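Computed from the coordinates by the stated procedures, all read-outs in this text should not be read as laboratory data. All values derive from a computational prediction rather than experimental measurement. Here Cβ is always computed from backbone atoms with ideal geometry, including for glycine, and neighbour counts include all displayed protein chains.
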């Protein structure tokens, strides 16, 4: 329901630009996202995602760029929309990140985020069961603090937003080491002791890796415990 100047953009875009010499394209679909009925907003998520894919194809034709250069990131409804974009690009985008993808209207929605939407897909869950989707959806799913209640937050909106704050910090300073879980049930119960660890977020796709991971964070920046 936000615009191009939302906190998602003001937090994440500067972090991306500090981290690497790159271009950031921000999608403002606020007219479609602010539909009076939530069902319409969900439908517009899919329409807008398809439109973004058409734009990407046009941009590549005009500029000589290729899909290998793209990293698509979305939050909330945009978390599913990022997948729709990748899907309309035949799953050839190398890296797609879904930040606390929306729950309402998506549990049985055939258009929800899928691991096959990109060559590597990652999901960060910070408010499952309220604003965010609970189950694992990507090649790798991270559940900071169990995926629902973030340290330093006193509202679901704050928990939901933590996903893009964590992502922003991950691209500038790394950190956020997760421990492997048997499944997402173990992650939400914070009972994970698998042999593998993996870094959450960042600019480099972890292509070929899969799994569910749990990690803990600080209540204030820097959020990473290392």
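Which order do the peptides 187-200, 144-157, 14-27, 126-139 take when ranked by the mean count of other beta-carbon atoms within 10 Å per residue, highest first?
With the highest mean Cβ count within 10 Å placed first, the list reads 126-139, 144-157, 187-200, 14-27.
Which of rounded, prolate or oblate describes the stretch 41-92 when judged by the alpha-carbon gyration tensor and an a/c cut-off of 1.5?
Because a/c hits 1.5 or more and a/b exceeds b/c, the stretch 41-92 counts as prolate.
Between rounded, prolate and oblate, where does the stretch 114-226 land on the alpha carbon gyration tensor, with a ≥ b ≥ c its root eigenvalues, rounded for a/c under 1.5, else prolate if a/b exceeds b/c?
It is rounded, given that a/c, with a ≥ b ≥ c, falls under 1.5.
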What's the extension gain from residue 157 to residue 20 if we count 0.36 nm per residue and subtract their Cα-Cα distance? 46.4 nm
